[in-house]
1. Condition first: within 30 Å of Val82 (Cα to Cα), hydrophobic (A, V, I, L, M, F, W, C) and surrounded by 17 or more Cβ atoms within 10 Å (Cβ to Cβ). Now tell me which residues in segment 16-65 satisfy that.
2. When the residues of segment 118-141 are narrowed to those that are at pLDDT 95 or above and assigned to a loop (DSSP other than H, G, I, E, B), which ends up surrounded by the most Cβ atoms within 10 Å (Cβ to Cβ)?
3. What's the number of the only condition in (1) part of a helix (DSSP H, G or I); (2) more than 20 Å from Gly148 (Cβ to Cβ) that Ala47 fails to meet?
4. Under 7 Å between Cβ atoms, at least 6 apart or on separate chains: pull out the pairs that start in segment 74-94 with a residue that is farther than 12 Å from His131 by Cβ and end on any residue that is assigned to a loop (DSSP other than H, G, I, E, B).
5. Taking only segment 87-105 into account, find how many residues are acidic (Asp, Glu) and either surrounded by 11 or more Cβ atoms within 10 Å (Cβ to Cβ) or within 13 Å of the chain's Cα centre (by Cα) (or both).
6. Could you tell me whether Arg159 is in a helix (DSSP H, G or I), of a type in the set (Lys, Arg), crowded, with 16+ Cβ neighbours inside 10 Å and touching a residue at least 12 places away in the same chain (Cβ under 8 Å)?
7. Here is a check on your reading of the model: is Leu115 free of Cβ contacts under 8 Å to residues at least 24 places away in the same chain and either part of a helix (DSSP H, G or I) or surrounded by 15 or more Cβ atoms within 10 Å (Cβ to Cβ) (or both)?
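The values are calculated or read from the model by the stated rules, or taken from the named source; none is laboratory data. Quick caveat, the model's predicted, so the values are computed rather than measured. Cβ sites come from the backbone with ideal geometry, for glycine too, and all protein chains shown count toward neighbours.
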Amino acid sequence: MTTTDTLNPYAKFLGAQKPLAVLQETHNRLHALAHAIGPARLTTAPAPGKWSPRDIFCHLADCETVFAFRLRQTLAEDHHVVQPFDQDKWAATYVNIPATDAIVTFAALRRWNLLLIESALPQHANKPVTHPERGAMTFSTIVETMAGHDLNHLAQLERIAGE
């Protein structure tokens, strides 16, 4: 495993794509995929033990909240150490959350995060931050992780939608 793969386990999904372009387009893809999947299938998991589309939308909204905090703490503190979270424990709360609310929440948070990212780059691209499970990284690594994470879950939703 390369250093990039260790710091950003979603790097393989990003490849040569520009992170900001991915981040700017994700909310549009989520809306389109929710429509393609349709209301009747939003709460149906594609296989036992897998998340439903609604669960994925909720997870993305939660992650956008986490990324918002990580980005801001990285800029605000010297050598910030991010706090990991257990995504499966967080997912236990998704059962009564409508997919549409998760998508709207994601879109608003993403817009807020993009405003921060666009104002911080390139000046703070190399600002150091540490992930306790992945090691030393930079502000840019967080941005790249966000984009790769988006692409990973968009691919899951595309498979469910049959695209």
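1. Across segment 16-65, the qualifying residues are Val22, Leu23, Leu30, Trp51, Ile56, Phe57, Cys58, Leu60, Ala61, Cys63.
2. So, considering only residues that are at pLDDT 95 or above and assigned to a loop (DSSP other than H, G, I, E, B), the one surrounded by the most Cβ atoms within 10 Å (Cβ to Cβ) is Lys127.
3. (1)
4. Cβ pairs passing all conditions: Leu75/His124; Leu75/Lys127; Ala91/Trp51.
5. Counting residues in segment 87-105 that are acidic (Asp, Glu) and either surrounded by 11 or more Cβ atoms within 10 Å (Cβ to Cβ) or within 13 Å of the chain's Cα centre (by Cα) (or both) gives 1.
6. No.
7. yes
One line per residue, one yes/no per condition, for (1) over 26 Å from Thr44 (Cβ atoms); (2) surrounded by fewer than 20 Cβ atoms within 10 Å (Cβ to Cβ):
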{"position": "Glu77", "(1), (2)": "yes, yes"}
{"position": "Phe85", "(1), (2)": "no, yes"}
{"position": "Ala107", "(1), (2)": "no, yes"}
{"position": "Val143", "(1), (2)": "yes, no"}
